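Taking it in order: structure first as structure tokens, then the write-up.
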Amino acid sequence: DSSGTFVQLRLSLVQTACGKRAPRPQNCRTLENRRKPVCVACYKFDNGDVPKVLDKYHNCGPSHHMAVKEIKQRDEAECKAVEEAGKATDALYLPGMYAFSRGLPA
């Protein structure tokens, strides 16, 4: 894509028996019937020699939540918007894209 590189990551996390403060051994036992959040991260980088982030989105939601379908749809929509970043110079106006101020009367 000439407007940059789009990266999407989906991670499934699990809780382990290892403590936060303890050194992290490689063989941590996973805890059954605990939270298992699913994280989505989307990034759009430009094509420069030192790539800059044009747009990003990340969200971690619990997989047992009743609104999983709605969260997944929102994640997909947000990632699509990130993917489109920098593509068109005649892009639609988004609220907050420009700011105007009015000067005091002279």
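The values are calculated or read from the model by the stated rules, or taken from the named source; none is laboratory data. On a predicted model such as this, the values are computed, not experimentally measured, just so you know. The protein model used for the area step is the full one, side chains on, heavy atoms only, and it has no ligands, DNA or RNA in it. Shrake-Rupley method; radii C 1.70, N 1.55, O 1.52, S 1.80 Å.
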- line: The ³J(HN,Hα) series, computed from each phi in region 70-76 with the Karplus coefficients 6.51, -1.76 and 1.60 at θ = phi - 60°, rounded to the nearest Hz and given as x for glycine or proline, is 5, 5, 5, 5, 5, 4, 5
field: Solvent-accessible area per residue, Å², over region 5-84 with all protein chains present [probe radius 1.4 Å]
entry: 80 Å²
Heavy-atom accessible area ranking, 1.4 Å probe, most first, across SER3, SER12: SER12, SER3
statement: Residue span GLU76 to ASN47: 0.36 nm per residue of separation minus Cα-Cα distance leaves a gain in nm of 8.1 nm
task: Heavy atoms only, probe 1.4 Å: what % of the accessible area of region 5-84 goes to carbon and sulfur, would you let me know?
output: 53 percent
message: At 1.4 Å probe size, put ARG34, ARG21 in order of accessible surface, largest to smallest.
response: ARG21, ARG34
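Which sequence of ASP49, ASP75 reflects their accessible areas, 1.4 Å probe, from the largest down?
On the way: ASP49 160, ASP75 10 Å².
Largest to smallest exposure gives the sequence ASP49, ASP75.
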message: Heavy atoms of the protein only, probe of 1.4 Å, neighbouring chains included. What is the accessible area of VAL53 in Å², nearest 10?
response: 80 Å²
message: A 25 angstrom limit on the alpha carbon distance is what I want to check against. Which of LYS20/LYS69; LYS20/LYS72; LYS56/LYS87; LYS52/LYS80; LYS44/LYS72; LYS20/LYS52 exceed it?
response: LYS20/LYS69; LYS20/LYS72; LYS20/LYS52
message: Solvent-accessible area of THR5, probe 1.4 Å, all protein chains present, reported in Å² to the nearest ten, please.
response: 70 Å²
task: Could you tell me the accessible area of LYS69 in Å² (1.4 Å probe, neighbours in place), rounded to the nearest ten?
output: 140 Å²
statement: Computed from every Cα-Cα pair in region 5-84, P(r) in 5 Å bins starting at 0 and rounded to whole percents is 3, 14, 18, 16, 14, 12, 12, 9, 2, 0
